[in-house]
1. Express as a percent, rounded to the nearest 5, the fraction of DSSP beta bridges in the chain (both residues included) that run antiparallel.
2. Explain nothing, just the number: dipole magnitude of region 64-111 about its Cα centre with +1 on each Lys and Arg Cβ and -1 on each Asp and Glu Cβ, in debye rounded to the nearest 20.
3. Kindly express, to the nearest 10 degrees and within the range 0 to 90, the angle between helix 12-60's C-alpha long axis and the longest C-alpha principal axis of the chain.
4. Using 7 Å Cα-to-Cβ label points, what is the L59/L38 separation (nm, one decimal)?
5. With equal scatterers on the alpha carbons only and no solvent term, can you work out the Debye log10 of I(q)/I(0) for region 64-111 at 0.16, 0.22, 0.24 1/Å?
6. List the pairs from K60/K85; K68/K105; K85/K116; K68/K90 whose alpha-carbon separation is above 19 Å, in the order I gave them.
7. Among the lysines, which have Cα under 24 Å from the Cα of K16 when same-chain residues fewer than 8 positions away are ignored?
8. Would you calculate the volume per residue, in Å³, of the smallest convex hull containing every Cα atom of the chain?
Amino acid sequence: MKTPESHNGVAPGKEKSGQDFLRQRLTHFGLTMIVMALFISLLVIAVIWNWIFNWVSLLKGSRLTCIKKVDNEVAVCGAPVSRKKVLNKKTGIVIPRYKCINGHKLPEAHFHPVKKGTLGHTLWVISLLFCVIIFFLS
Ligand SMILES: [Zn+2]
């Protein structure tokens, strides 16, 4: 029996479906890679966002408070400080000088880094989980 579609004994339909299968596999692989890349990016962002924020804050001189001992050295001032670069006349080196609203001037201040809360930790754990799931499903 000869159908108009067959030639050389190989059913063209079968050959075509083989190619389709390969194309589907490649498309699926490409999509998996894109989704993986997205989740890995999300994972990286979820892990490092507070490091970057802290680094920028430190560079800008924000999130710093006064460490001047007050109340007979039992407490610290704790007021926000502003940072200035001053020239040490004796050594000729430019050093930071922190001045708080209470008028304390100190060569150093306490930095308050942003720590990941429960949400921050949950976010990166979920991202990692998705990466693992996608990796094993593909
Ligand atoms: Zn102070």
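Computed from the coordinates by the stated procedures, all read-outs in this text should not be read as laboratory data. If you're wondering where the values come from, they're calculated on a predicted model, not measured in any experiment. FYI the Cβ positions are ideal-geometry reconstructions off the backbone, even for glycines, and counts take in every protein chain you see.
1. 100 percent
2. Computed charge dipole of region 64-111: roughly 380 debye.
3. So the helix axis and the longest Cα principal axis differ by about 0 degrees.
4. In this crude label model, L59 to L38 measures out at 3.0 nm.
5. Here the Debye-derived log intensity ratios amount to -0.44, -0.71, -0.79.
6. Details: K60/K85 12 Å; K68/K105 8 Å; K85/K116 31 Å; K68/K90 24 Å.
From the list (K60/K85; K68/K105; K85/K116; K68/K90), the Cα-Cα distance tops 19 Å for K85/K116; K68/K90.
7. K2
8. For the chain, the hull spanned by Cα atoms encloses 210 Å³ per residue.
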